[in-house]
Each structure stands twice: as C-alpha cells, then as structure tokens.
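Worksheet for the structure shown next.
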Amino acid sequence: MASIRELHEQLVKKERSAVEITQEALDRIQALEPKLHSFLTVTAQQALDQARAVDAKIAAGEEIGILAGIPIGIKDNMCTKGIRTTCGSKILENFVPPYESTVTQKLANAGAVTVGKTNLDEFAMGSSTENSAYQVTANPWDLSRVPGGSSGGSAAAVAAEECVVSLGSDTGGSIRQPASFCGVVGMKPTYGLVSRYGLVAYASSLDQIGPFARTVEDAAILLSAIAGYDPQDSTSLKVEIPDYTANLIPDLKGKKLKIGVIKETFGEGLDPEVEASVNQAIAQLESLGAEIHYISCPRFRYGVPSYYIIAPSEASANLARYDGVKYGLRSKDADNLLSMYTRTRSTGFGAEVKRRIMIGTYALSAGYYDAYYLKAQKVRTLIKEDFEKAFQQVDVLVCPTAPTTAFQAGEKITDPLSMYLNDLMTIPVNLAGLPGISVPCGFDSKGLPIGLQLIGKVLREDQLLQVAYAYEQSTNWHLQTAKIA
C-alpha cells in the first residue's frame, strides 16, 4: 500500500478513487484477519460511505485535505459514536458510545476513512495483546509470535497493510514497543499534546494517544491532524501546533544536533542482536552529521517498579466505575447490590486487569499509601530530573525500544514479571511525559524487526521527527515487508 502523500496525489489526479482505496483495504482485512486477528470490529459500510463522500468532493472540484480518503485503524479504547467500543474487555462487550472522542472526530473532519477498531490488551493492560478477552493478535512477521502490546492490533494492521496508518495509546510503551516488534514507526507525543477526551482511561497521568505508520512522514502527517488544545480535556496543553512535516530532511549536517546514548539501557538483559543493530543505528546517525555523546540517567532502571505502583493505583480508581450499574456488563444472578458489584467484576474483568486493580488498591490503602504510592511518585520526579539534566547536554536521546524482539505467543503469559520487563526502555519516557518514537533499525537472525527509540524534549516532536526521518531515509529497513503481506 502506498504512503499517505502518494495516495493523496493519486486521488487529486483522479488516478484512483477513495472507494477503490478503501475497498482494497477492506479486501485485505477480509483475507488476512482469519490468521492475524488485528481487528475487533470492521466498519465496512461506514468506511465506504466516508470514501464516497470524499469522491463526491473531488468530483465537485473541491479541495481535499491530505488525510481525506486514507484508510485508518483505531484502537478499540477510543470512543466512536454509534460503533462498539470494547477496550478488549467482556465488561464492555456491548458498549456503544453516545459520543465521539476528540481524535476520531478530528480524523472524521479531515475526511479520513475509519476501516475498523483494532484489538488490544484488555483496558490497555499488557505487553503482548494476549490479554484481550476476544482474540490473540499475531505478529505479521511470524504468526507464532506476539505483536507487542497493548496496541498490538493497531501495529499489526499497519505492518500487514490492512490500513495505511492507525492510532494507538501509550501508557508505558504501548505504541513504541509493538511498533518495534512489528517493524513499523510508532510515536508517543508529549503528554497533553493530543487530547485524551474519549480515550477510555487506564492511568490518566500516563496515557497518551499517538500514531502508527510505515514511514516517519506518515506518522508526522497523522500527528499534525490529531494534536492540539482541547477544552474538554483538562490536561490538554494550549500550544501552537507546527506542521510536523516541514523540517523532514534526509540528513542532519549543519544542524549541530547532539544525540545522547543512554548508557543504562545497554548491558545485562539486552539481546546481543538488538544491541548490535542499535549500535549500528547510532553510528549511522553520527555519519549523518549528529554529534554522539554517552549520557547517564542513573534512575532509569527504577522506571518499571515505580510505574507498576503508579499505573495500577490510577487503574484502581478509574476502573471503579465498572460496577454493573452505569453501563456495560451487569451480572443477572445477584441477590443484592454488593453481590452484583462483585459478580459483574469477577466475570467481566480478565486476570491481568484484576491483578492490577488489586495491586493499585493495596498501594493506595491506609498504611501503605506513603510506603508505596508516595515513594513511587518521588522516584518519578527523580527520573524526570535525570532527563532534564541529560537534555541540558544533548538535543535527543537514543536507546533500544525493547530489550528483545517479538517473543512466542504464550511464552510469558503466566509470568507477569517477565512480561512487565518488556517495557523497561519505554516506561521512563511516560513517567517524564516526554515524546518518544520507535523506528525500524534492523532484523535479528530469525528475521524479526528491531526498533530504535528516540526520545525528545517536551513539545519538541518536530526535532524528534527530523532525526527519525533522517535516519529512516538513510536506511532501507522501512521498505521491508512483513511476511503475511
């Protein structure tokens, strides 16, 4: 499938119609889904209606935006009016939102074509998309392996070319890690840059919506469309949104860019093939004109333990609303109100969601709040300070996106601690509210993709995308196609 810009030119020149492009995506979904399982809901009729509206505009001689007629997948934890939104959970199996999330409304206004809602770990809690209540998504490069998580459906859909781009949400690495596993570009913007209105909350101080794409330019185009202040989101930042495609140039010479390599992300626990590919990518960035420095972020390693106190604590509060009263699943065989609460939650929530609710409730309970939650917040501040010190010396930080390539389905599902360590490299970025992007930087000996993570300063997505684009254009990793495609 062509890029956004290529498809836009084809539409404007009337070489292809939006209906043809959309039908191609829908046919591909129909052909691949029996093996891939990346979509929970396919909105074929609505997609074709949206495509016809774009074609009508072109026929009438009206100008169309760059996203008009472009097939897009939406992670199924973003509310879509009139379309089922499950969060990958039985408790929301039949929930149809009465309102539209800000990001999906912006895409609709831009003329984008939504082809469906993608699979995810239940309530975005997981690193493999094996925790969905409905199906396990496969990795398009090797169907026996996981696509990463929690936005595995969105990453797999883009890698398999079922859609041109997609949206995911990132709480502790849930866009960047699956992007690494699936060999695509995945970006988590600065916290507050993209509205969370209509995103079903997991951990409110960490969640952020971002794009998946096959190229950095496509990610930049999608980010430009969804970013911006939203009065309906109290955490939304009132800042001017630049054109993120404006500074995408193929080299960094004359830019005097300083790139810092985070020393703590190398060594024990890092797959040797991942380490070798990332080191080659760092050497490539240097050859493009960047100045390489080795930087220490000593509290980086404490990201995982602090995250798994903070995120479950916020989840414990956010998921209290699923009680069988307001909306969603309600247990019918209950004798009283308390029984209805407990039965609804015990049958509606999966094992991982229950585990995180229990951890969070325990951490927030009397006598433990200071010992766990408060201490984790203090560590979060220290991690943020480490990044601030690092950014006094360099412009962009670099490290592996994940310590390994995609693992076998079922390999870690019974070992939560091993699963949690997959987000070792990505979690600190969320705790500090920084932007981060994963771009393909190689393959291991099994033919599985490896991701390079670039981390930027607050609201410097433009600079981050510039470095990512220069690296991408100097290699051919992004031109490789997943086996299933």
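The values are calculated or read from the model by the stated rules, or taken from the named source; none is laboratory data. This one's a predicted model, so the numbers in the text were calculated from it and none came from an experiment. So basically every Cβ, Gly included, is an ideal-geometry build from the backbone, and we count neighbours across all protein chains shown. Keep in mind that these areas ignore ligands, DNA and RNA; they rest on the heavy atoms of the full protein, side chains included. Shrake-Rupley method; radii C 1.70, N 1.55, O 1.52, S 1.80 Å.
You can think of it this way: the chain between ALA60 and SER287 has 76.8 nm of extra reach, that is 0.36 nm per residue less the Cα-Cα gap. Per the helix-only calculation at 222 nm, which mean residue ellipticity applies to the chain, given -39500 (n - 2.57) for every DSSP H run of n ≥ 4 and division by its residues, nearest 500 deg cm²/dmol? Mean residue ellipticity, 222 nm, calculated: -11000 deg cm²/dmol. Extending 7 Å from Cα along the Cβ direction at LEU374 and again at THR347 yields two label points whose distance is 4.2 nm.
Surface listing: MET1, MET125 arranged by accessible area from highest to lowest gives MET1, MET125, probe 1.4 Å.
For GLU161, the accessible area of its heavy atoms, probed at 1.4 Å with every protein chain present, is near 30 square angstrom.
Note on ARG355/GLN408: beta-carbon distance plugged into 1/(1 + (r/R0)^6) with R0 of 30 Å gives a FRET efficiency of 0.90. Ordered by 1.4 Å accessible area with all protein chains kept, HIS8, HIS37 run largest first as HIS37, HIS8.
Highest mean packing first, where packing is the average number of other Cβ atoms within 10 Å per residue, the peptides 147-156, 13-22, 359-368 line up as 147-156, 13-22, 359-368.
In the context of the full set of protein chains, residues of the chain present 37 Å² of accessible surface per residue (probe radius 1.4 Å, heavy atoms only). For ASP142, no residue has an amide H sitting under 5 Å from its own, ignoring neighbours fewer than 5 places away on the same chain, with H placed 1.01 Å from N. On the beta carbon distance between LEU338 and ALA53, with R0 = 41 Å, the FRET formula returns roughly 0.25. Here each label is just a point 7 Å from Cα along the line to Cβ, and for LYS258 and GLN23 those points are 5.7 nm apart. Do any trypsin sites (Lys or Arg not before Pro) in region 182-261 lie in a DSSP loop with no more than 10 other beta carbon atoms within 10 Å, and if so, which? Here the trypsin sites (Lys or Arg not before Pro) that fit, given the DSSP loop and packing criteria, are LYS238, LYS256. Protection proxy ranking of 412-423, 396-407, by the mean of other Cβ atoms within 10 Å over each peptide's residues and highest first, is 396-407, 412-423.
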